[in-house]
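Working notes for the structure below.
Since every read-out is calculated from the coordinates, none of them should be taken as a lab result. These figures come from a predicted structure and were not determined experimentally. All Cβ positions, glycine included, derive from the backbone under ideal geometry; neighbour counts span all protein chains shown.
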Amino acid sequence: MNTTPEWQALAAHQRTLRDAHMRDLFTQDPGRAQRMAIEAGPLFIDYSKHCITSETLLLLTHLAQSCDVTGWRQRMLAGEAINTSERRAALHVALRGAGSAAAQGEARATLEVMRSISNAVRSGVWKGATGKPFTDVIHIGIGGSDLGPRLAVEALTSHAGTPRAHFVANIDPHELDDTLRVCDPAATLVIVISKSFDTVETIINAQHARSWLEAGVGRNIAPHLVAVTNNTEAAGTFGIPDTQILRMPEWVGGRFSLWSGVGLSIMLACGSETFDALLAGAGEMDAHFLAAPLERNAPVILALLSAWYVNFWGAQVHAVLPYSKRLNLLPDYLQQLEMESNGKRIDRAGKLVAYATAPVIFGNVGANSQHSFHQLFHQGTHLVPSDFVVMAPTPDPRSRMLAINALAQTAALMNGDASDPAAYPGNQPSTTIVLPSLSGRTLGALLSLYEHKVFVEGVLWNINSFDQPGVELGKRMATTLLPAATLGDVPHGTDSSTRSLIERINRN
Ligand code: F6P
């Protein structure tokens, strides 16, 4: 990939920009801000505060063309097995009304089951074993079976009502136990979300929740259990009635799955209208991604800017800064979406890549982050590209102050202080994404934007963005060491550090 003429042209072009300052790029090009902005669905995206010129964008577009981004986009839409290692399609767009008729049909069928469950539970028609309507839902899942619904419920909390949604992911006993303590088993629905239905943390938490239900309502716990999985047999063996198992298609990756049955807790907590708005917003962004020319395509631009800094400026991190308390889980969600998709060093041909791939994603809510790590952005020694996600302010003056804080940061990061360039160099690039409000529609569009950005990055880096072999090693190591944590017999060949640490924790 990094030997193509298009890649070489960008490397040469970067050398001409190495000493440029964005302040000067704005002075030399007054129409810059107008040209380097895109309306995509309900979102407004300003990408003018970057170390780029119109020539840069042209050369980046040539890179996208040389990597056949439009061809890969078509293959994804056509349901080809672009997840090559698992021989699966990546058709999450079918959950939002695009892609093959068969996949869309399967998605619609599941959506109708979700709607019937949600209506029955929210109306009180579906009651617990002792006749109580459900006041609480406990969503048990981890990774992609947790982060999306958890983010959406927190973001759309103004739409939330009864039942309350609780999320349990970690095997740390406190997470489940602290949740069980505030719930009445007779009025609680437990949803077990696991595509494989064999993720240790999820299964152990589900077993504890099942025992809690049995202690609370007796043997007939069936009305209190729902599963969302691709492994329906295992869910049945666990004791969940067939009619209460929603099938997660094999062509939906975990980190792309909140739009599927995995999102049932969003519908239960926020209502089916809000869930429909989420799908519609994502569908708008899908339509933009699938139709817009590369040079006017928001996910493509974000992906190209990411590659521009990672591969031509040596950036190793990327910050996500949602200026919205209710989007405080957006960095967590994007960490999995970006780093589990593209944190890879083996390309599609099975060869070691000769260039950098996914940057480390981190972030936090603004304006809090300004009083935490923005010091490094302003005066540190690292290049840190960032995405500011900003809500158009409400009439509340605090809301206006928050939005202005975000824009002031992007200006300060870009301009620095020309009177004291050593102390305030500026030239830190940022993209500003403006949402007119925080709603199902705008959140759906935002998350679809990032899904397609990640997909295009994978095309540029010639990697499969849809598997996650790297996590398997950690799981195998944990399985190997688990007996040591209980029985104390440390497996032969365990390194001395791990061995002494196991002995230390066992001592306590
Ligand atoms: O972290 C590995 C992983 O497989 C993720 O890709 C996935 O979202 C998560 O674990 C949970 O997997 P499952 O939905 O199969 O329980």
At q = 0.07 Å⁻¹, the log10 of I(q)/I(0) for the chain from a Debye sum over equal Cα scatterers comes to -0.41
To the nearest 0.05, the calculated FRET efficiency linking L473 and A408 through their beta-carbon distance, R0 being 45 Å, is 0.55
With T = 25 °C, eta = 0.890 mPa s and Kirkwood Rh from C-alpha pairs, the Stokes-Einstein D of the range 92-277 in µm²/s is about 152
For the range 92-277, the charge dipole (Cβ of Lys, Arg +1; Cβ of Asp, Glu -1; about the Cα centre) points to a positive end, and the Cα of V125, G263, F197 closest to that extreme belongs to V125
Full extension between K351 and Q74 adds, at 0.36 nm per residue less the Cα distance, a length in nm of 97.3 nm
Taking Lys and Arg as +1 and Asp and Glu as -1, residues besides T84 with C-beta under 13 Å from its C-beta add up to +1
The distance between the Cα centres of the range 407-471 and the range 318-356, in whole Å, is 11
Counted neighbours (other Cβ, 10 Å), sorted fewest up, put L352, L290 in the order L352, L290
Per the rule of 0.36 nm per residue minus the C-alpha distance, extending L482 to A37 adds in nm 155.0 nm
Once both label points are put 7 Å beyond Cα along the C-beta direction, the D177-T494 separation in nm becomes 2.3
Amide H proximity to A227 below 5 Å, modelled H, separation 5+ or other chain, gives V192, I245, L246
Calculated from DSSP helices alone, with each H run of at least 4 adding -39500 (n - 2.57) and the total divided by the residues of the chain, [θ]222 nm to the nearest 500 comes to -14500 deg cm²/dmol
Quick calc, N368 & D420: beta-carbon distance into FRET formula, R0 22 Å, rounding 0.05, result 0.25
Counting only DSSP beta bridges with both partners in the chain, the antiparallel fraction in percent, to the nearest 5, comes to 25
The distance between the Cα centres of the range 123-191 and the range 217-269, in whole Å, is 13
tail above 11 Å in the computed P(r) of the range 212-253, as % of all Cα-Cα pairs, reads 64
Rounded to the nearest 10 degrees, the helix 101-123 long axis (Cα) sits at an angle to the longest Cα principal axis of the chain of 60
Residues whose built amide H sits under 5 Å from the amide H of F44, excluding neighbours closer than 5 in sequence, are V434
Measuring from the longest principal axis of the C-alpha atoms of the chain, the long axis of helix 470-487 (C-alpha) lies at a number of degrees, nearest 10, equal to 40
A correct fewest-to-most ranking of V93, V389 by other Cβ atoms within 10 Å would be V389, V93
Computed for the range 49-149: size of charge dipole around the Cα centre, +1 on C-beta of each Lys and Arg, -1 on C-beta of each Asp and Glu, debye to nearest 20, value 380
Expected sort for L446, L279 with the fewest Cβ neighbours (10 Å cutoff) up front is L279, L446
Among G283, Y323, L334, the residue whose Cα sits farthest towards the positive end of the charge dipole of the range 265-355 (+1 at Cβ of Lys and Arg, -1 at Cβ of Asp and Glu, taken about the Cα centre) is L334
The size of the Cβ-based charge dipole (Lys, Arg +1; Asp, Glu -1) of the chain about the Cα centre, to the nearest 20 debye, is 280
per DSSP, antiparallel bridges as share of beta bridges in the range 92-277, % nearest 5, sits at 5
Taking R0 as 41 Å and r as the Cβ-Cβ distance between R87 and E503, the FRET efficiency 1/(1 + (r/R0)^6), rounded to the nearest 0.05, comes to 0.40
